[in-house]
Each structure stands twice: as C-alpha cells, then as structure tokens.
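Take a look at the structure set out below.
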Amino acid sequence: MLTAMAWRNLWRHRRRTLITAGALAVSMAFVLALFTYMDGTYRAMSTVMVDQTIGHVQVHHPGFQATRSLRLTVADASARRAALDALPEVRELVPRLEGYALLGGADRTSGGLLLGVDPAVERAQLERRVVKGRFLADAPAREIVLGQGLARSLAVGEGDEVVAVTQAADGSLGNDLYRVVGVVASGTVAQDRSGAWVHLADLQELLVLPDQVHSFVVLSPSLEPRVDDPVVNQTLAAVRGVVGSEGVDVVSWWEASPQTAKLLGISDGSAWIVLCVVFGVAGLGVLNTMLMSVFERTRELGVMKALGTRPAVLVRLVLIEALILGLLSVAGGLALGGLFDLYLTTKGFALTTGDGDRLSTGGVFFDDVIRGVVKPERIVAAAVFLLGVAVLSAVWPAVRAARLDPVDAMQDR
Amino acid sequence: MEELLDAADDVQRGSRSHATVSMHVKTASYERGMKMESWAEGADKTLIRILEPAKDAGVATLKVDDNIWNYLPKVDRTLKIPAGMMGGSWMGSHFTNDDLVKESRMAEDYTGTITGRPGQAGATSWVIELVPKPDAPVVWGKVEIHIGADRVPSLARYYDEKGVLVRTLTWEDVRVVAGRKVPMRMVLTPADKPGEYTRITYESLDFDAQLPEGTFTLQALKR
C-alpha cells in the first residue's frame, strides 16, 4: 500500500525523477568504470611490480639480500629447481645469478653487473626490451646482451666480442669471452648503464659457482597477490617444504619488499575516496529532490496528517520513495556501467607517458594494452553504497514531513 | 725522519729488481696459494706474471705510473683497469689495485710526527704517525709506521678518515740480500675480517737485475 503510493508519488514529477535517477545512474556507471579501470591498472601494476620484479616467493641464502655477496648462494640448484617446478603451487620458477665484472670491448673497459638468466624462462619479459639484435639463445653459447648505456661505453655492438674479468668465488681470476648478440633498453638508468645478461650456465662457469644460484623467484597461481594472500602463503609453505630451511631463506614478496606492499596499498584506498566523493554529490541530488517533493506536497501531507496518518508512516513513505529512486538509479547504473566495463575489459586501454612512450616501473614495462578487471564485490559495494546514500539523504526531508503541523500545512498554497 | 721513511719505502726496491714471490690468501670462503714472478724498475714500473696455479698461469699485470693493465691468456686480451675499479682486490688478495699503483713516497705525501724512539720505554723501533698532506693522492686518514733502528720497517697500521683501523701490514723474516737488509715476508691483515690475511713471501730476490729493453710494455705483457 505504502509502496504503491510512493511509486505513484515518484511519477507525479516524471521528468524530475528521471533526471535525478539518471544523474545517479551515470555517477554509478562512472564509479563502476572507474573501479574497473583502477582494478585493471592495479593488476597491471602488481603484475609489473610484484610478479615480474620480486616474484611472489623468493628463495635465497639468508645473508644474500643484505649483502649481495657473491658467495652467498643456494646450492644444488638444478635438483632444487626440478623439485620446485614439480609443485602444483608453483606457476613459474625463475633462477637468477649475478656478479660484478670488469668488461672490455676492443679498447674500452667498464664495470658491469652480469645477470645470469635462463633465457627460456625469462624470454617473454626480456625479449621485448631488445632494441638491437636479439635476446640470448636458450642454450649456453657464451652470448651476452648489454644494456644500451653499457654497450655505448664499451663501444661495442652486435657481433663484437666482450671480455669479462671478475674475481671468481674460489679467488681465481675468472675471465671469458662473450659475443654481443643484442642491446636492450631496460628502462632503468642503472641497468642501462651497467647491466649485462648472460646465460645462467655461462655465468656459473665464469664465477666458479657450479650448480648454484643467488635466488629462485617463484610465482604462485595467484593472479593478483595481495599482502598475506592465502594462495601465496600456500606456495610459500610448499616451497619451504621442498627446500627446507638449511642455508636458505624463503620469503614472501611483502617481506622481500615492504615498500612495494605499501605502495600497492595506497592505490587500493584511492578508489574508495573517489566513491565517497561521487556518491556524496549524488546524495545531495537526492536530498534536493526529496526536499522539493516534500515542500510541494506540504498541503497534501497536512491533509494526510489531519486524517490521522501517523508521523512514522510519513517518514516511511518518503524513505520508500527515496529507496525506489535509488533502485531505479542502480538499475540504470548497472546497465550503463556494464557497457563501460564491457569496453574496458575487451578493448582495454593503454598506459603511456606524456611522450607516448610505454610506461615502465623498476625496469619492467607495462603491457601495451591494459584490460579492465571487474570484481563482483565492487559492484555490490557500489550498489549498496548508492542505495544507502539515497535513503540517508531522504532522512531529513522525511523528518520534516513527519513534523508538519496539520493546520499550518493545510493553509499552505 | 725523512731518511727513515725513504729507507722504509725502498726496503724492497732496487733500481731494477727481479723476484719470485709466493702469495698466500686466506679468506672466510677460500684459501689459495699463488706463485708469481715480478720485475720492477724503480717505483714506477712493475710487471707481475702468475706462474701457479695452472688455472691462472700466464695472467700478467703491468703497472706503469698510475695505470694498470691485466693480460688474460685464456681469452688473449689485455684490459686496462678503469679508475672506478682501482679499489678492487688484486688477484683475489687483500691488496687492491691502488696498492700497486699508489706506491707513494711517505715523505712526500704525509706529514710525519715521531711518537716513539728506539730505547724509549723499552721500544726497539721508531714510531711515526703520518697524516696525509691536503692534496696527497692517498686513501688513508692516518698511517702509523714502526721502523727499526736498522731502518727496516716492521709494522704499519692504516686508518680511515674516521680514525678506524682498516688493516695492518707487517714485514717479517729480515735477511741480507746483496748487502742490504730486506724483509722477505709481508703479511696484510684486514681489521674487519678476523682470520683473513694475505701473505707475500719472496722466494728469490735479485736487485740490479738485467732487464731486457721493453720489459714494461704492453707487448711484453703478453709474452
């Protein structure tokens, strides 16, 4: 009965109701699209900053992180790698070894940080950064890929030879000759200036670190790891179970890089701030509509009261009107927002710098096209929030309606 | 005092010297012995060639004035050590490339103060505290050197700018070579790594050796 009355009341001013509901629907659609865009960006960012940089779980010698000392390695690398690769909790496993060396071109020398990688595993990430030549071949062949700054300071290019000299782990003077197969633009100044990639097996030989690595970077099946993500924690436990704790440290990404965890936490909160601002403005719209509607009906409400309608019923009437208005807006918002989401998740969007360059962080580039991510809990939250705001904004008009003095109200023109 | 310092500087130098040296390096992670042959002319030119172990045999270091080149027989390449790596270890020892190059004249680069004399309070050596002159190309904040009454140095302590002891060098096993008193062994001990040291022992030492023309050239380095 009250609902039917509220429904009819709303349609007495069809245009006003539609405009208000339309505005609310558009703001809800905007918020939904914003969530999808932000979650997409967030996932891209966490992929770049966590998956491709820190990994989800790291395995290294307990002292390595603090000292980066050459000799603090993880032993039995190939056996451990095979055991870890076999775990269902491990989506990807990246072995890494590094060491400073003196590099020499035909007549120029420069210090460089040699990064030993398994090209088959890291190809996907590193290959697209190659600006000249190609990336390392899968099999060790004494090939080297140089950061572009390093290639410049050594005055070498594709096909040239580079000698690497370093103090090996056994104290001997490790030295070897590599052929430059490519030059990369890594995106970070440090890696461009001194980074050089060689095959893991070649670097193990140069540094006299047979079957050793400095770290295993492990990816869990989690698509968007958050701090204390249960999926990552499962992988953490599984990896610990395989490698044990003797001489190795197994840490999660948020332990390995608390700064990254903090940074990603900040971007998560900003979505809610936007939601509050947009819906706050929307709430003012509802407040205005309901206040106007109550003022217009002063006479009519006075009559209702005089006929014995209790104040609580009037309050309910106005609130139900607001609720229906909110529901209409949510329906419209879902329809319009769904269209936006469809576009963002299928077509995607690009993140570029002002110069049109691809965006990168920590030397890892974002994908060319970032796809939006739709999360049901976000949609529910937005809908509930919008309905709540609509009803709350109607409280004051409703109370005004309930407090009308019937005699005064009926004299209103 | 300057005479004392000069004598200490020159204790293992001749106008032209030729030596066979063994070097023993002990670190927390490895211990290794090397054997090398060295030729020197004054303080400016030095050529060192590694004889043992087999893995490093033929690796040679040429020092002329402030420059160091390493020759690597395995890849047949000669590399000049860039300025940024002069502080790095030389051949895995506790000596740095700088130690080879900056064989500074103590009397020229430092201002000395005698803080102990032989016979004073039972001491047998001169103790001289050296503080670098303002523009001297040295890396230490302070050096304390002990020189015996016979002008042979026995101990040097090297401190950084903050006055913290960095390393200690001792000269031991003094013998008479060609009428001169020469310590045949030097031990360098880093202060921050207990148990580690580099010991250099002269197995043969010949002052006033005949060195062929072109000993200290890049061509000779490869030979």
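What follows draws every value from the coordinates through simple rules; no lab data is involved. None of these values were measured; they are calculated from a predicted model. Heads up, the Cβs are rebuilt from the backbone with ideal geometry, glycines too, and the neighbour counts pull from every protein chain shown.
Here are a few things to note about the model shown:
- Evaluated at q = 0.19, 0.21 Å⁻¹: base-10 log I(q)/I(0), Debye formula over Cα of segment B:50-148: -0.94, -1.05
- Farthest toward positive dipole pole in the protein assembly as shown [+1 Lys/Arg, -1 Asp/Glu at C-beta], among A:SER270, A:LEU24, B:TYR159: A:LEU24
- Between B:LEU51 and A:ARG371, the simple spin-label model (points 7 angstrom out along Cα→Cβ) gives 7.0 nm.
- Part-to-part distance (alpha-carbon centres) for segment A:248-264 and segment A:127-204, which is given in Å: 29
- Stokes-Einstein D in µm²/s, Kirkwood radius over Cα pairs - segment A:133-190 at 20 °C with 1.002 mPa s viscosity: 174
- Principal-axis tilt of helix A:311-346 within chain A, Cα atoms, nearest 10 degrees: 30
- Placing +1 on the Cβ of every Lys and Arg and -1 on the Cβ of every Asp and Glu, with nothing else charged, gives the protein assembly as shown a dipole about its Cα centre of roughly 3080 debye.
- When only Cα pairs below 8 angstrom with a gap of at least 6 residues are kept, segment A:1-142 shows a relative contact order of 11 percent.
- Projecting label points 7 angstrom from Cα along Cα→Cβ for B:GLU161 and A:VAL274 puts them 4.9 nm apart.
- Under the criterion of Cα pairs below 8 Å and six or more residues apart, the relative contact order for segment B:2-207 equals 20 percent.
- For segment A:270-288 and segment B:185-222, distance of Cα centres in Å: 78
- Each Lys and Arg Cβ is given +1 and each Asp and Glu Cβ -1; about its Cα centre, segment A:163-315 then shows a dipole of about 1360 debye.
- Degrees between helix A:258-296 axis and first principal axis of chain A (Cα, 0 to 90, nearest 10): 10
- If you plug the beta carbon distance of B:GLU3 and B:ASP173 into 1/(1 + (r/R0)^6) with R0 = 25 Å, you get a FRET efficiency near 0.55.
- The relative contact order of chain A, computed from alpha carbon pairs under 8 Å that lie at least 6 residues apart in sequence, is 27 percent.
- Computed Kirkwood radius, in angstrom, where 1/r is averaged over Cα pairs of segment B:2-207: 17.9
- Fewest-first sequence of B:TRP90, A:TRP197 by Cβ atoms within 10 Å of each Cβ: B:TRP90, A:TRP197
- Per-q log10 I(q)/I(0), segment A:48-138, q = 0.12, 0.24 Å⁻¹ (Debye; single scatterer per alpha-carbon; no solvent): -0.50, -1.46
- Top positive-direction residue, dipole computed over chain B with Cβ charges, set B:PHE95, B:THR217, B:TYR71: B:TYR71
- Base-10 log of normalised Debye intensity for chain A (one unit scatterer per alpha-carbon) at q = 0.07, 0.08, 0.09 Å⁻¹: -0.52, -0.61, -0.69
- Restricting the calculation to Cα atoms, every distinct pair contributes to the Kirkwood radius of segment B:112-192, found to be 13.7 Å.
- Per-residue mean of C-beta atoms belonging to partner chains within 10 Å, peptide B:74-86: 5
- Inter-part distance where segment A:19-66 and segment B:1-27 are each reduced to a Cα centre, Å: 64
- Applying the Karplus relation 6.51 cos²θ - 1.76 cosθ + 1.60 with θ = phi - 60° to segment A:168-179 yields 3J(HN,Hα) values of 6, 4, 8, x, 6, 8, x, 8, 7, 10, 10, 9 Hz, where x marks Gly and Pro.
- Proportion of all alpha-carbon pairs of segment A:1-43 beyond 17 Å (%): 53
- When the pairs B:LYS193/B:LYS222; B:LYS80/B:LYS222; A:LYS132/B:LYS222 are compared against a 24 Å limit on Cα-Cα distance, B:LYS193/B:LYS222; A:LYS132/B:LYS222 fall above it.
- Within the protein assembly as shown, helix-based [θ] at 222 nm, where runs of 4 or more DSSP H residues each add -39,500 (n - 2.57), nearest 500: -11500 deg cm²/dmol
- Those residues of segment A:155-188 whose amide nitrogen sits under 12 Å from the label point placed on A:ALA137, 7 Å along Cα→Cβ: A:179, A:181
- Rounded FRET efficiency, nearest 0.05, which uses the C-beta distance separating A:TYR343 from A:MET5 and R0 of 30 Å: 0.15
- Shown is the FRET efficiency for B:ALA191 and B:THR217, computed with R0 = 45 Å from the Cβ-Cβ distance and rounded to the nearest 0.05: 0.75.
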